[in-house]
Amino acid sequence: MYRSRGGSAGRLQRLQPTLWLLAVACFGVGDLVTTAVGLRLSGVVEAGPLVGPLIDRYGVASLFVLKLLTIGLSYGIWRVLPTANRVGIPLGLAVLGVAVTGWNTVIVSTALLG
């Protein structure tokens, strides 16, 4: 049970379009761009156990495809979940996107300055 119009649950429900925008901007674009820039720098490698081998074999384009699939699948699941539960999907992608884009920015900055 939840209140759809009041409290923090209602606010999160109303923020879903903004969360999706943040998810696409940070998880999709931000991570992709900072990863692409970082991989061009000496001493920077992709550490992800899934993404690293894909990039090694197919290049950064594989990350683009993986991002599209992840966001597309997440959106599809979001569409079928009950309204009360689905806010977690764009929220999770947005938080993860901010974290990985921030981390990549630190790595790129360190490589450029160091």
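Just so it is clear, none of the values below were taken in a lab; they were calculated from the coordinates. All figures in this text were calculated on a predicted structure; none of them were measured in a lab. In this analysis, Cβ positions are derived from the backbone assuming ideal geometry, glycine residues included, and neighbour counts consider all displayed protein chains.
Points to keep in mind about this one:
- Within the chain, helix-based [θ] at 222 nm, where runs of 4 or more DSSP H residues each add -39,500 (n - 2.57), nearest 500: -21500 deg cm²/dmol
- Trypsin sites (Lys or Arg not before Pro) within segment 32-114: DSSP coil, no more than 14 neighbouring Cβ in 10 Å: ARG40
- Contact order normalised by residue count of segment 16-113, Cα under 8 Å, 6+ apart, percent: 53
- Listed by number, the DSSP H helices of the chain that run 30 Å or longer by alpha-carbon position along their axis and have mean Kyte hydropathy of at least 0.0 are 88-113.
- Of VAL80, VAL51, VAL60, the one that fluctuates the most in a GNM where the chain has Cα springs shorter than 10 Å: VAL80
- Rg in Å to one decimal, and Dmax rounded to a whole Å, for the chain via C-alpha atoms: 16.5, 53
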